[in-house]
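Readers should treat all values here as calculations from the given coordinates under stated rules, not as data from a laboratory. Being a predicted model, the structure only gives us computed values, none of them experimental. Note that we place each Cβ from the backbone using ideal geometry, even for glycine, and neighbour counts take in every protein chain shown.
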Amino acid sequence: MEGRSSVIPGLHKLPIADRLRSVAKFSDLTESEISSLGGFGSMPENVADGMIENVISVMEIPLGVATNFLINGKEYLIPMAIEEASVIAACSNAAKMSRPTGGFTAYASESIMVGQIQILGLDSLDDARIRVLQAESKIVEMANTKSRTLKEKGAGARTIEVYPFDIPEKMLVVHLIVDVSDAMGANIVNSMCEHVAPFLEEITGGRVNLRILSNLTDRRMAYASAVFRKDLVGGEEIVENIISSYNLALIDPYRAATHNKGIMNGIDAVLVATMNDWRAIEAGAHAFASFGGYKPLTSYSKLPNGDLSVSIAIPMAVGTVGGSTNTVPKARITRKILNVMDAREFASVLASVGLAQNFAAVRALSAEGIQSGHMKLHARNIAISSGATASEMERVVDEMLRSRDISPSSARSILDRLRKNS
Ligand code: MEV
């Protein structure tokens with residue numbers, strides 16, 4: 001590796017195959033490794049190449065569907081793309097357990113996003129604030145020139161808010177409040193912020209620095225709730241254990257982080273399957289969870305009849321128009337499977353999935369634990385990668401679990417023995 005440089009001038013201008021050759025040379029890739037990277041599956045090469053920079057391939061991730069979802073009386077199959085075993089099974093199982101009590105009830109608020117414009121170099125924050133507030137209707141009008149589509153839908157920039165700060169340095173932060181309708185909204189909000197910035201400099205005499213949306217979308221929330229019958233949950237003791245597990249998440253950020261990770265297992269998998277910006281949703285979820293100290297995004301309570309009531313409130317800035325969601329062929333298909341009409345329905349489904357995923361994890365942890373299921377799937381994966389055929393699978397998995405040695409060498413020696421004896 002010595003003497004190699006990662007500075008590859010013009011890499012971005014090369015055709016994909018030549019780019020791959022450059023990388024292969026740097027990284028000593030074999031011909032078979034190069035050809036493994038060469039397939040683009042259903043994604044046209046030009047689409048991938050247009051989406052990000054320095055493309056050399058696409059990364060596959062298993063796509064499955066979670067079943068049993070009944071949300072606001074509508075049936076859904078939920079496409080989920082994820083590398084982690086058990087997530088889809090757990091999610092489907094939780095959704096099934098919610099059905100006898102009517103499934104999930106969900107709601108998503110209007111699609112209100114906040115854009116931030118930071119103004120520095122001001123003599124008086126008070127004067128600048130007044131000038132900005134006096135110009136509110138002009139600022140909103142200017143912002144709305146950036147999107148005819150939103151205007152036609154009766155959406156678009158609505159109002160502004162102004163926040164002065166003295167510490168750690170003097171600045172005025174203008175929030176542009178925008179209804180982005182069925183878009184995720186990052187592009188339009190950012191364009192609006194950039195567009196009004198010079199006018200804000202002109203009226204305040206200051207200098208604009210940041211002009212960007214906020215991912216803390218606490219005015220674009222999704223809510224879901226469900227009731228799980230105590231007999232289906234596993235009885236009174238398990239309901240009590242679940243409440244105690246939740247109580248730990250309430251008082252302890254070490255547990256709250258893991259609790260919320262379980263929620264995001266489900267939500268992220270749907271976002272990946274539909275090619276949405278899951279980092280934005282993650283950022284919003286964790287920022288919202290940290291209001292007043294980091295807390296779980298779901299809440300649990302025992303009903304007077306002993307059943308378990310579970311709900312979630314989570315920021316959910318997702319779109320059904322624009323972005324990669326419509327350019328990537330498979331994302332169009334997964335959206336068809338999901339069958340949501342607009343961004344608010346999509347957000348409601350995502351909140352329900354997060355709730356189901358979290359309930360499934362917390363229930364398993366409060367009952368039998370999650371490792372037994374995980375170890376079985378892990379053993380299956382090892383058996384497959386060690387060359388077990390469908391007819392050999394069960395024996396290999398069982399023997400590995402029984403011997404508590406789940407490893408490729410164990411799988412290979414079991415296979416050798418099976419094949420010798422057959
Ligand atoms: C694992 O991916 C997610 C869990 O750790 C979530 C939880 O602990 O609630 C099982």
**Asked** Which value, in Å³ per residue, describes the convex hull spanned by the Cα atoms of the range 372-421?
**Response** 62 Å³
**Alpha-carbon centroids, the range 335-389 and the range 257-326: separation in whole Å** = 14 Å
**Under the Karplus curve 6.51 cos²θ - 1.76 cosθ + 1.60, θ = phi - 60°, whole-Hz ³J(HN,Hα) for the range 162-173, x wherever Gly or Pro sits** = 10, 10, x, 10, 9, 10, x, 8, 6, 7, 10, 10
**Request:** Report, ordered by chain and residue number, the lysines lying within cross-link reach of LYS153, taken as a straight Cα distance under 25 Å and ignoring same-chain residues fewer than 8 apart.
**Result:** LYS138, LYS336
**Fill in**
Spelling it out for ILE71: with amide H atoms placed in the peptide plane at 1.01 Å from N, the residues 5 or more places away or on another chain with amide H under 5 Å from its amide H are TYR76, PHE104
**Asked** Among the lysines, which fall within straight-line cross-link reach of LYS13, defined as a Cα-Cα distance under 20 Å, with same-chain neighbours fewer than 8 residues apart omitted?
**Response** LYS25
**Prompt:** Under a straight-distance cross-link criterion of Cα-Cα below 24 Å, which lysines are reachable from LYS295, leaving out those fewer than 8 residues away in the same chain?
**Reply:** LYS261
**Request:** Quote the relative contact order of the chain in percent (integer), defining contacts as alpha-carbon pairs under 8 Å separated by 6+ residues.
**Result:** 18 percent
**Item:** Of the DSSP H helices in the chain, those whose Cα atoms cover at least 18 Å axially and whose Kyte score averages -1.0 or more
**Value:** 186-204, 236-251, 253-273, 343-365, 371-385, 390-403
**Message:** Out of the GluC sites (Glu not before Pro) in the range 32-86, which ones are loop residues according to DSSP with at most 14 other C-beta atoms within 10 Å?
**Reply:** GLU53, GLU60, GLU83, GLU84
**Prompt:** Dividing the alpha-carbon Rg of the chain by 2.2 N^0.38 Å yields what?
**Reply:** 1.18
**Request:** Please give the calculated 222 nm ellipticity per residue for the chain, where each DSSP H segment of at least 4 residues contributes -39500 (n - 2.57) and the sum is spread over every residue; nearest 500 deg cm²/dmol?
**Result:** -15500 deg cm²/dmol
**Message:** Can you tell me the length gained on complete extension of the stretch GLU236 to LEU418, counting 0.36 nm per residue apart and subtracting the Cα distance?
**Reply:** 61.0 nm
**Asked** If we count every other residue with Cβ under 15 angstrom of LYS146's Cβ, Lys/Arg +1 and Asp/Glu -1, where does the sum land?
**Response** +2
**Complete:** Summing +1 per Lys or Arg and -1 per Asp or Glu among the other residues with Cβ less than 11 Å from ILE112's Cβ gives 0
